[in-house]
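Have a look at the structure below before the remarks.
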Amino acid sequence: MYHNSSQKKFWTFENEECLEKLRFQSNQKFRAKVRGSGKELKGLDESSFLNPFEEDVLFRHYERRLLEFCANFKPVMPKSVVGTAAMYFRRFYLHNSVMEYHPRIIMLTCAYLACKVDEFNVSSSQFVGNLPETAAGQEKALEQILEYELLLIQQLNFHLVVHNPYRPLEGFLIDLKTRYTTLENPEMLRKTADDFLNRATMTDAGLLCSPSQIALTAVLNSASRAGITMESYLAECLGLKDDKETLCKMIDLMRRIKNLLKKYELPNSDEVNMYKQKLERIHAEFVNTIPTGNTGPSFMEIMPSPQSLAAETFKAMHHHCRS
């Protein structure tokens with residue numbers, strides 16, 4: 001259950017400012033690593049780095065690529081797997097910079113791990129077979145995914161179970177059918193509510209609110225767009241008629257969730273291309289030239305041995321239903 005989960009305890013934050021602070025710190029941490037590497041790098045100055053805004057543009061670009069990859073995946077990828085992959089991606093870059101770990105491979109690793117954790121049984125060859133690459137290119141991609149998989153699990157703090165809003169949405173639709181007879185056909189709300197959840201995936205809603213709060217907002221937003229008022233559902237069926245304080249808090253939270261979706265902007269293609277060039281230069285000039293002291297795919301702090309990390313990983317995944 002969400003209320004006893006690692007998601008609520010470790011990955012649900014108080015406000016957007018907390019998230020912005022973490023991302024800023026990740027940006028600064030990478031800069032400090034480069035400066036403290038002890039190696040003279042050509043053309044190193046502040047303009048060489050991506051600033052937080054530029055990182056965000058690239059993050060949104062690769063997040064959309066991740067979702068497109070999942071949408072076109074064969075066999076059809078369940079919504080829960082897509083939601084889990086997107087949340088892994090968002091959590092990873094709370095504490096890491098795109099300058100240190102390239103999102104092109106991290107996004108695929110997130111999708112690959114989500115398939116495993118949510119028990120969507122596809123083989124590794126099936127997975128990379130969805131990439132528009134040659135056989136050699138697919139083999140190389142799989143090598144990179146497997147190389148980054150343990151790193152991803154570690155950076156997620158072994159909290160691998162993600163509670164998505166799709167199941168609560170089904171619960172609300174069933175509840176509307178059985179207890180809210182005022183609404184003749186609750187199924188008419190499904191498509192717009194599904195679209196709302198898909199859009200919410202590309203925001204920080206899942207890092208700020210519970211899955212049921214997001215799902216309820218999707219239902220009420222869908223009803224509102226259809227010209228249906230459902231205030232009585234909140235008051236009567238959800239037992240908030242005599243709890244004005246909780247009702248007001250819930251309405252305020254739903255307003256915040258809708259604002260997150262309203263604020264979302266598609267990444268500008270010209271900006272994406274410009275920042276991509278900058279990112280490739282960073283990886284070529286900074287990341288790949290700094291001695292690491294380990295064999296990881298990027299320079300990082302000392303990690304546990306592969307054997308101990310693999311043992312921890314197995315233990316975490318074996319008990320993931322408790323998270």
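For a footprinting-style exposure proxy, rank LYS116, LYS244 by other Cβ within 10 Å, fewest first. Mind showing how you got there, number by number?
On the way: LYS116 16, LYS244 10.
Ascending Cβ contact count within 10 Å gives the list LYS244, LYS116.
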Seminar exercise, completed: Helix 190-200: inclination vs the chain longest Cα principal axis, degrees, rounded to 10, gives 30 degrees
Problem set entry | Crossing angle, helix 244-263 versus the chain [Cα axis fit, 0-90 degrees, rounded to tens] | 50 degrees
Problem set entry | Cα-centred dipole magnitude for the chain, charges only on beta-carbon of K, R (+1) and D, E (-1), debye, nearest 20 | 200 debye
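Find, to one decimal place in angstroms, the Kirkwood hydrodynamic radius of the chain, where the mean of 1/r is taken over every pair of different Cα atoms and then inverted. Don't jump to the answer; show the numbers that get you there.
Working: mean 1/r = 0.0467 Å⁻¹.
Here the Kirkwood hydrodynamic radius works out to 21.4 Å.
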Problem set entry | Cβ-based net charge around PHE49, under 12 Å, with every Lys or Arg adding one and every Asp or Glu removing one | 0
Problem set entry | Farthest toward positive dipole pole in the chain [+1 Lys/Arg, -1 Asp/Glu at C-beta], among HIS95, ASN121, ALA223 | ALA223
Exercise. How high is the FRET efficiency from THR192 to HIS95, r the C-beta distance, R0 30 Å, rounded to 0.05?
Worked result: 0.30
Exercise. Angle between the Cα long axis of helix 269-285 and the longest principal axis of the chain, 0 to 90 degrees, nearest 10?
Worked result: 40 degrees
Exercise. Quick one: putting +1 on the C-beta of Lys and Arg, -1 on the C-beta of Asp and Glu, what dipole do you get for region 166-263 around its Cα centre, in Debye to the nearest 20?
Worked result: 360 debye
For this session: With 22 Å as the limit, write out which pairs from LYS74/LYS140; LYS29/LYS278; LYS33/LYS278; LYS8/LYS263; LYS29/LYS276 have Cα-Cα distances beyond it, or answer none.
Result: LYS8/LYS263
Problem set entry | All-pairs Cα distance distribution in region 166-263, expressed in whole percent, bin size 10 Å | 16, 52, 30, 2
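Under the rule that an exposed site lies in a DSSP loop and has at most 13 other Cβ atoms within 10 Å, name the longest stretch of the chain with no GluC sites (Glu not before Pro) of that kind, not counting the sites themselves. Write out the running numbers ahead of the final one.
Values: sites that count: GLU14, GLU40, GLU119, GLU133, GLU184, GLU265, GLU301.
Counting at most 13 other Cβ atoms within 10 Å as exposed, the longest clean stretch of the chain is 185-264.
Residues with beta-carbon under 13 Å from that of THR84, excluding THR84: net charge, scoring Lys, Arg +1 and Asp, Glu -1? All intermediate terms of the calculation are to be shown ahead of the outcome.
Numbers: positive: LYS79, ARG90, ARG91, LYS116, ARG167; negative: ASP118, GLU119.
Net charge in that neighbourhood comes out at +3.
Here, each number is a calculation from the coordinates, and none is a lab measurement. For clarity, every value in this text was computed on a predicted model and none was experimentally measured. Methodologically, a virtual Cβ is constructed for each residue, glycine included, from the backbone with ideal geometry; neighbour enumeration extends over all protein chains shown.
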